[in-house]
């Protein structure tokens, strides 16, 4: 009988996960839900899209995109995958994923965006050195908003 209760909780979590993913505007890479002792985590392993670098593939500058500072418009940035709240660390009081001066690799987690109680990892699309954190910890962000500015790494390890 206890297994039936646990299965019902997991079924509820699965339904909630499907609904949340359907309701989100942007792509979702990971969903993690908990109810009591039961937990459900789903991760999609899709190729990471190329980073937005401020230039198109032909090397032409991108058209102005709004109120971006000139210094960040010329640098590659790591952008928010969804609308939500940006957190620089895995939990309150923990060390941030990255700080200014850190070298990041493609696919490395640089923060998380919480959207509707879902924690979405934000990953770097390219290697680079963190030169500026553009959004303070715990602040709301919009879809595709720059979060971290990078200086591209051109050598082996910068």
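The table for this structure:
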quantity: Selection from segment 72-109 of residues that are under 16 Å from residue 143 (Cα atoms) and crowded, with 22+ Cβ neighbours inside 10 Å; calculated: 77, 78, 80, 81, 84, 86
quantity: The one condition in (1) at pLDDT 80 or above; (2) at positive phi; (3) over 19 Å from the mean Cα position of the chain (by Cα) that residue 107 fails to fulfil; calculated: (3)
quantity: Some residue of segment 43-53 being in contact with a strand residue (DSSP E or B) (Cβ under 6 Å, 6 or more places away or on another chain) and at pLDDT 75 or above; calculated: no
quantity: Criterion (in contact (Cβ under 8 Å) with a residue 24 or more places away in the chain and outside any strand (DSSP E or B)) met by exactly one of 92, 106; calculated: 106
quantity: Test set (1) in contact with a helix residue (DSSP H, G or I) (Cβ under 8 Å, 6 or more places away or on another chain); (2) assigned to a loop (DSSP other than H, G, I, E, B) - residue 143 fails condition number; calculated: (1)
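One line per residue, one yes/no per condition, for (1) within 15 Å of residue 75 (Cα to Cα); (2) out of contact with any strand residue (DSSP E or B) (no Cβ under 6 Å at 6 or more places or on another chain); (3) part of a loop (DSSP other than H, G, I, E, B):
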residue: 101; (1), (2), (3): yes, yes, yes
residue: 110; (1), (2), (3): no, no, no
residue: 113; (1), (2), (3): no, no, no
residue: 121; (1), (2), (3): no, no, no
residue: 129; (1), (2), (3): yes, no, no
residue: 132; (1), (2), (3): yes, no, no
residue: 135; (1), (2), (3): no, no, yes
residue: 150; (1), (2), (3): yes, no, no
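The values are calculated or read from the model by the stated rules, or taken from the named source; none is laboratory data. On a predicted model such as this, the values are computed, not experimentally measured, just so you know. Positions of Cβ are generated from backbone atoms using ideal geometry, with glycine treated the same way; all protein chains shown enter the neighbour counts.
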